[in-house]
Amino acid sequence: MADVLLVHGAMHGGWCWRLVENRLRAAGHRTHAPTLAGCGDRAHQLTRDVDPALHVEDVVAALRMEDMRDALLVVHSYAGVLIGPIVEQAEGRIGAVAALGAFLAEPGESLASVEPDEVMARYRSIAVDGWLLPASPAFLEQWAVPEALRPSVGARLTDFPVRCLEDPVAYDPAPLAELPRHYIEHTAPRMDSLALSAERARAAGWHMHEIATGHDAMLAEPDAMAALLDAIARG
């Protein structure tokens, strides 16, 4: 069985992985789903200084504190931009990577580099004081969250710092290139913003998978999501 570290995307928290964690643990895996600074149950830590580098520190610290070894690193959405720096700084604790509907940034790029221009323009237009992207029901529609889940998911979404969209990441791509890499596309519906990242993964030789759900697959289809991650973790 494997160590599995599950990293949430923007406006979410470790809470979003709970149903998948329960299923992976029942299958014998050891899991941990940390919450990134300023998000979820750590929303009280949200300041202008929260950036991707701090979120990388959060994940690397979780790997160390949980003493995870040869772990499967699972990232969702925004957290895809953190993959390269995490792998580089994790001191060999990552054994494989799985990116669920994730944005893939190359060295020197940010999330804004791989999002369509019109999406970033909309985010900047609604940012409060130029630094805070407020959570709103509009994101539930954007992510195709099932209607039945929208009340509970919407109540848990938290504001997100614009720096995490715009600050570039720096890393050596070599350590990541040496690992088994899996990209999971959600197909019901797909999200146009992810087309570039999925194509990058395909061109770079990542193992490609599909799941018939919207962007928040871990909430909409926890059984299918856990089964896929179980198969990946078992190699």
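Taking the listed residues A121, A79, the one that is more than 15 Å from L179 (Cα to Cα) and open to solvent by 20 Å² or more (accessible area, probe 1.4 Å) is A121, with no other qualifying.
Out of E109, E115, report the one residue that is more than 17 Å from H12 (Cα to Cα), touching a helix residue (DSSP H, G or I) at 6+ places or on another chain (Cβ under 7 Å) and not aliphatic (A, V, I, L, M). Lay out the reasoning, then the answer.
Values: E109 fails: touching a helix residue (DSSP H, G or I) at 6+ places or on another chain (Cβ under 7 Å).
Exactly one of E109, E115 is more than 17 Å from H12 (Cα to Cα), touching a helix residue (DSSP H, G or I) at 6+ places or on another chain (Cβ under 7 Å) and not aliphatic (A, V, I, L, M), namely E115.
Scanning segment 159-175 finds one or more residues that are in contact with a Phe, Trp or Tyr (Cβ under 9 Å, 6 or more places away or on another chain), in a loop (DSSP other than H, G, I, E, B) and under 17 Å from H55 (Cβ atoms). Scan segment 1-46 for residues that are open to solvent by 10 Å² or more (accessible area, probe 1.4 Å), among the hydrophobic types (A, V, I, L, M, F, W, C) and part of a loop (DSSP other than H, G, I, E, B) and the total you get is 6. From the list P146, P137, the one residue that fits, being surrounded by fewer than 14 Cβ atoms within 10 Å (Cβ to Cβ) and either among the hydrophobic types (A, V, I, L, M, F, W, C) or closer than 29 Å to L19 by Cα (or both), is P137. Every listed requirement among (1) within 22 Å of Y183 (Cα to Cα); (2) touching a Pro at 6+ places or on another chain (Cβ under 8 Å); (3) free of Cβ contacts under 8 Å to residues at least 60 places away in the same chain is met by A62 save one, (1).
The set of residues from segment 180-235 being over 20 Å from L72 (Cβ atoms), open to solvent by 40 Å² or more (accessible area, probe 1.4 Å) and outside any helix (DSSP H, G or I) comprises T187, A188, P189, R190, A212.
Given the criterion within 22 Å of M191 (Cβ to Cβ) and either in a loop (DSSP other than H, G, I, E, B) or aliphatic (A, V, I, L, M) (or both), identify the matching residue among V145, V87. Matching residue, one of V145, V87: V145. Beta carbons closer than 8 Å, at least 6 apart along the sequence or on distinct chains, pair a first residue in segment 203-217 that is in contact (Cβ under 8 Å) with a residue 24 or more places away in the chain with a second that is hydroxyl-bearing (S, T, Y) and open to solvent by less than 40 Å² (accessible area, probe 1.4 Å) for W206/Y183; H207/Y183; M208/Y183; H209/Y183; H215/S77.
Mind checking whether some residue in segment 192-213 is touching a Lys or Arg at 6+ places or on another chain (Cβ under 7 Å) and over 28 Å from P175 (Cβ atoms)? Within segment 192-213 (the criterion being touching a Lys or Arg at 6+ places or on another chain (Cβ under 7 Å) and over 28 Å from P175 (Cβ atoms)), the answer is no, since none of the residues qualifies. For the residues G154, G108, G92, the requirement of being free of Cβ contacts under 8 Å to residues at least 40 places away in the same chain and part of a loop (DSSP other than H, G, I, E, B) singles out G92. Restricted to segment 51-71, and to residues there that are assigned to a loop (DSSP other than H, G, I, E, B) and under 16 Å from T31 (Cα atoms), the residue that is most open to solvent (accessible area, probe 1.4 Å) is R69.
The values are calculated or read from the model by the stated rules, or taken from the named source; none is laboratory data. Since the structure is predicted, the reported quantities are computational estimates derived from the model, not experimental observations. Cβ coordinates were reconstructed from backbone atoms using ideal geometry, including for glycine residues, and neighbour counts include every protein chain displayed. These accessible areas exclude ligands, DNA and RNA; they are computed on the full protein's heavy atoms, side chains included. Shrake-Rupley method; radii C 1.70, N 1.55, O 1.52, S 1.80 Å.
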